[in-house]
């Protein structure tokens with residue numbers, strides 16, 4: 001798929017996020033049960049209430065790759081809230097710290113933009129369990145470009 005086709009719907013999606021229209025947000029990852037709860041200027045909050053069996057590892061805990069997908073949704077919606085119509089951003093670097101194993105259950109995640117420059121943005125996120133205990137912390141650098 002050509003790059004222009006990939007970035008084609010981004011201005012509409014970024015605007016939707018800037019306007020905090022959570023119920024209209026679409027991502028294929030919603031099929032995993034992940035759901036945005038709140039978009040704010042420079043921040044987003046999501047929940048993942050139920051996990052399907054295929055996102056578990058052989059030990060019955062959440063597989064880290066799926067937690068990375070959850071965090072990527074957090075980051076991408078947080079950065080989108082600070083982008084102009086003629087801008088797009090992509091992950092340049094991402095670091096996840098898995099502080100403990102997570103059993104299936106309600107998770108909440110939040111992300112925020114720490115600093116937004118002309119070409120780079122720095123973000124942080126965390127995922128907590130139903131008891132509000134942090135299980136994953138993450139930081140990420142995003143490259144910001146203009147069309």
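Quick note: the coordinates plus some simple rules give every number you see, no bench work behind them. What you are looking at is a predicted structure, and each value in this text was computed from that prediction instead of being measured. So basically every Cβ, Gly included, is an ideal-geometry build from the backbone, and we count neighbours across all protein chains shown.
Select from segment 118-137 the residues that are more than 11 Å from residue 100 (Cα to Cα) and in a loop (DSSP other than H, G, I, E, B) and list them in ascending order. Result: 118, 119, 130, 131, 132. Within segment 53-67, identify whether any single residue is surrounded by 12 or more Cβ atoms within 10 Å (Cβ to Cβ), within 11 Å of the chain's Cα centre (by Cα) and closer than 19 Å to residue 106 by Cα, and answer yes or no. Looking through segment 53-67, at least one residue is surrounded by 12 or more Cβ atoms within 10 Å (Cβ to Cβ), within 11 Å of the chain's Cα centre (by Cα) and closer than 19 Å to residue 106 by Cα.
Here residue 102 fits the description: in a loop (DSSP other than H, G, I, E, B) and either under 22 Å from residue 130 (Cβ atoms) or in contact with a helix residue (DSSP H, G or I) (Cβ under 8 Å, 6 or more places away or on another chain) (or both). Among the candidates 135, 119, 125, single out the residue that is out of contact with any helix residue (DSSP H, G or I) (no Cβ under 6 Å at 6 or more places or on another chain), closer than 24 Å to residue 9 by Cβ and in contact (Cβ under 8 Å) with a residue 24 or more places away in the chain. Of 135, 119, 125, the one residue that is out of contact with any helix residue (DSSP H, G or I) (no Cβ under 6 Å at 6 or more places or on another chain), closer than 24 Å to residue 9 by Cβ and in contact (Cβ under 8 Å) with a residue 24 or more places away in the chain is 119. Can you tell me which condition residue 83 does not meet? The list is (1) more than 12 Å from the chain's Cα centre (by Cα); (2) in a helix (DSSP H, G or I), and all the others hold. All conditions are met except number (2).
The one condition from (1) free of Cβ contacts under 8 Å to residues at least 40 places away in the same chain; (2) surrounded by fewer than 20 Cβ atoms within 10 Å (Cβ to Cβ); (3) in contact with a strand residue (DSSP E or B) (Cβ under 9 Å, 6 or more places away or on another chain); (4) assigned to a helix (DSSP H, G or I) that residue 12 does not meet is (3). Residues that are surrounded by fewer than 16 Cβ atoms within 10 Å (Cβ to Cβ) and touching a helix residue (DSSP H, G or I) at 6+ places or on another chain (Cβ under 7 Å) were ranked within segment 20-51; the one that is farthest from residue 123 (Cα to Cα) is 24.
Identify all residues within segment 21-36 that are in contact (Cβ under 8 Å) with a residue 40 or more places away in the chain and not in a helix (DSSP H, G or I); write none if there are none. Hits for segment 21-36 are 25, 27, 36. If you go through segment 88-107 and keep only what is surrounded by fewer than 17 Cβ atoms within 10 Å (Cβ to Cβ) and over 15 Å from residue 141 (Cβ atoms), you end up with 97, 98, 99, 100, 101, 103, 104, 105, 106.
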